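Read through the structure below, which is laid out as structure tokens, and then see the notes.
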Amino acid sequence: MNEDMTELARLGWVDPPLPGVLDAAREVLWSAVAAEMLATAPPDGTRAPGKAAAGQTAETPISQPRRDDPGA
Amino acid sequence: MRRRVETDGALIERSARGRPDAFVEVVQRHEVAVYGFLARRAGRQAADDLLGEVWARAFAGRAGFDPVHPDARPWLYGIARNVLRAHWRAARAADQLPGRLAEDPWDDVIDRLDSAAAARARELVGAVRALPAEEREVLLLVAWEQLTPAQAAAALGIPQGTARSRLHRARAALRPVLAQTAGEDS
């Protein structure tokens with residue numbers, strides 16, 4: 001920053017936020033993150049994407065719609 | 001071997017492609033800076049209330065962020081600016097704030113300074129307050145948030161050349177006051 005901005009920058013000094021403030025704001029974010037993760041999770045919520053198909057084929061072939069599939 | 005640090009752009013891109021939790025690291029990197037942006041313009045209490053709204057909006061809009069940018073601050077300040085505008089609009093609508101004060105945080109700036117500094121700074125504050133709003137915004141993004149003129153342009157959604165010329169005009173207008181302040185110091 002140029003020297004002629006130093007005095008102006010000093011005017012803008014504020015105390016850092018209290019830790020609780022940052023935590024509370026992060027809670028808002030975590031709610032949004034959790035909502036999105038839940039919305040995109042597989043219906044049974046136990047398998048990671050990519051691994052689901054391998055474990056699934058014997059019991060519930062992918063070509064067959066499952067009862068809890070909203071698109072079925 | 002040292003772990004390679006992901007850029008903000010890479011984290012945001014990853015968060016938009018199936019790993020939404022990657023966005024949390026971006027927030028942790030910039031939460032103090034964004035809080036400062038809000039607090040400098042609207043006071044600490046409003047900043048306390050509005051910071052979560054900035055994160056919610058940023059997360060919801062992250063697909064629109066161009067991951068080529070390594071630093072997300074200009075984008076986040078642009079969002080924080082919109083959150084502040086909405087806050088001031090709502091406060092004005094509820095008659096909690098007189099119109100001019102709602103858009104002008106400068107009285108709060110003076111209140112935050114100790115009395116000796118306030119007396120010295122009053123002239124500078126007056127000069128900054130007298131700047132056209134669009135010049136003032138560029139100036140403060142550079143002076144307070146330490147953005148480059150190009151980053152300030154991104155935060156405000158204006159061409160870089162426009163930001164540079166506004167900054168140039170603002171600095172030229174403040175030069176006499178700043179020179180006088182420097183003279184008092186010596």
Open item on the list: Counting only trypsin sites (Lys or Arg not before Pro) that sit in a DSSP loop (anything but H, G, I, E, B) with at most 11 other Cβ atoms within 10 Å, what is the longest stretch of chain B containing none of them?
Closed with: B:18-186
Task: Inverse of mean 1/r across different Cα pairs in region B:105-186, Kirkwood, Å - done: 13.4
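A short reminder: the numbers here are calculations on the coordinates, not readings from a lab. Note that the structure is a prediction, hence the values are computed from the model and not measured. Cβ atoms come from the backbone with ideal geometry, glycine included; neighbour counts cover every protein chain shown.
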